[in-house]
Amino acid sequence: MAATTTVEVPHLGGITVGYALSGGAYDPAKPTCVLINSMCTTVSLYRAQFADAALTDVLNLLAIEPLGHGATRCATEHFTYWDSAVMALQVLDKLGIDKAFALGTSQGGWIVARMALLAPHRIQGLVLLGTSMDYESADSRSKGCWDPKTLLTPFYDKWCSRTPTPDFVVDDVWCGMVGSIGFGSSGTPELLQFWTETLKGVYRGDEGRKKLKVALACLLDRDGLLRRLRDITCPVYWLQGTEDVPFGTKVPVEQIKLFTASPEATLTFVEGGGHYLNATNPKEVAAALLQLVKKYQS
């Protein structure tokens with residue numbers, strides 16, 4: 001479900017941020033990894049990571065729900081992925097965490113890359129999962145990436161309303177699409193039901209509709225990062241599932257080469273892995289994260 005713990009940060013006039021922290025408290029003796037979830041999911045996307053003692057014995061895991069997601073609520077209706085990146089950095093400030101590694105799934109990859117651009121002295125390394133650093137440009141679409149504007153704009157238009165919608169609940173079609181695109185063949189009936197219930201709990205009422213609408217606007221209107229990747233100075237481990245539906249396997253091969261200032265930038269394909277790679281292939285993701293931390297923690 002959504003996060004049950006929140007913290008207040010000042011960005012955008014005030015944000016209540018939903019988060020989960022392994023062990024329930026920050027342990028300064030351990031390095032920290034920030035985890036940013038994919039579209040319409042919550043901190044629960046990282047249940048496998050929080051249950052993995054091999055990770056939690058070594059790391060503080062700090063899962064943060066970006067703007068438009070979970071328990072996170074904002075004083076203003078509109079925001080972008082850059083705002084979620086600033087917000088996540090302010091969560092680190094509030095919790096007294098100076099430096100951290102950062103892992104992002106799908107849209108989470110776009111957010112953690114922005115964190116590394118905004119605060120290069122604080123982000124020690126990135127793990128990118130099932131993502132693309134471009135927007136869905138014509139070039140990306142020609143190389144196997146999806147076309148969300150055609151697919152998802154009708155949902156956005158449906159969620160716009162000039163009058164309050166107190167009875168709004170996100171529909172089953174959207175819930176099913178989130179689960180099927182994200183989990184692929186790993187989406188058991190129980191798992192898909194869990195996420196349907198989660199989405200319907202988060203995105204309900206007038207506030208939920210507005211939250212969902214702008215979360216989708218962030219995706220549809222986002223800017224690409226290809227020209228900026230050369231300015232990311234931390235190591236980057238990118239894992240992509242061979243069964244990733246939205247972004248495929250062609251663009252990561254090109255984009256990993258753009259991290260020219262990173263001391264190490266590697267791409268690993270996970271055979272049979274889905275879009276939400278941390279959920280479909282948690283062992284491979286844990287191994288990559290531990291390798292990164294062991295090599296680059298300071």
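So which residues in segment 14-39 are touching a residue at least 12 places away in the same chain (Cβ under 8 Å) and out of contact with any strand residue (DSSP E or B) (no Cβ under 8 Å at 6 or more places or on another chain), if there are any at all?
P28, M39
Each row is one residue, and each column tells you yes or no for (1) on the phi > 0 side of the Ramachandran plot; (2) out of contact with any Gly (no Cβ under 8 Å at 6 or more places or on another chain).
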residue	(1), (2)
D93	no, yes
I97	no, yes
I111	no, no
A116	no, yes
P120	no, yes
L128	no, no
Y135	no, no
G144	yes, no
K149	no, yes
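Looking at segment 215-242, which of its residues are assigned to a loop (DSSP other than H, G, I, E, B), farther than 14 Å from W82 by Cβ and not polar (S, T, N, Q)?
Of everything in segment 215-242, those that are assigned to a loop (DSSP other than H, G, I, E, B), farther than 14 Å from W82 by Cβ and not polar (S, T, N, Q) turn out to be L226, R227, I232, C234, P235.
This table checks each residue for (1) part of a helix (DSSP H, G or I); (2) of a type in the set (K, R).
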position: Q193; (1), (2): yes, no
position: D244; (1), (2): no, no
position: T260; (1), (2): no, no
position: K283; (1), (2): yes, yes
position: A287; (1), (2): yes, no
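Could you run through segment 239-287 and say how many residues are among the aromatic types (F, W, Y) and surrounded by fewer than 23 Cβ atoms within 10 Å (Cβ to Cβ)?
Looking only at that region, the number is 1.
If you go through segment 141-149 one residue at a time, do you hit one that is hydroxyl-bearing (S, T, Y) and surrounded by 14 or more Cβ atoms within 10 Å (Cβ to Cβ)?
no
What about L225, is it crowded, with 18+ Cβ neighbours inside 10 Å and not aromatic (F, W, Y)?
When the stated conditions are applied, L225 passes them.
Tally up the residues in segment 144-181 that are in contact (Cβ under 8 Å) with a residue 12 or more places away in the chain, part of a helix (DSSP H, G or I) and farther than 21 Å from T280 by Cα, please.
Adding up the residues that qualify gives 8.
Out of all the residues in segment 208-215, is one or more surrounded by 19 or more Cβ atoms within 10 Å (Cβ to Cβ), among the basic types (K, R) and under 19 Å from the mean Cα position of the chain (by Cα)?
yes
Of the conditions (1) in contact with a helix residue (DSSP H, G or I) (Cβ under 9 Å, 6 or more places away or on another chain); (2) surrounded by 15 or more Cβ atoms within 10 Å (Cβ to Cβ), I181 clears all except one; give me its number.
Single failed check for I181: (1).
Which one of the conditions (1) free of Cβ contacts under 8 Å to residues at least 60 places away in the same chain; (2) among the aromatic types (F, W, Y); (3) within 22 Å of N278 (Cβ to Cβ) does W82 fail to meet, given that it meets all the rest?
In the conditions (1) free of Cβ contacts under 8 Å to residues at least 60 places away in the same chain; (2) among the aromatic types (F, W, Y); (3) within 22 Å of N278 (Cβ to Cβ), W82 misses (3) alone.
Being under 20 Å from T41 (Cα atoms), surrounded by fewer than 21 Cβ atoms within 10 Å (Cβ to Cβ) and among the polar types (S, T, N, Q) is the filter here; which residues of segment 70-95 pass it?
T80 - this is the single residue of segment 70-95 that is under 20 Å from T41 (Cα atoms), surrounded by fewer than 21 Cβ atoms within 10 Å (Cβ to Cβ) and among the polar types (S, T, N, Q).
Filter segment 40-58 down to residues that are touching a residue at least 60 places away in the same chain (Cβ under 8 Å) and buried (at least 24 other Cβ atoms within 10 Å of the Cβ) and give me whichever is farthest from K294 (Cα to Cα).
C40
Only the coordinates and a few stated rules stand behind these numbers; no lab work does. Remember, it's a predicted structure, so these values are computed and weren't measured experimentally. All Cβ positions, glycine included, derive from the backbone under ideal geometry; neighbour counts span all protein chains shown.
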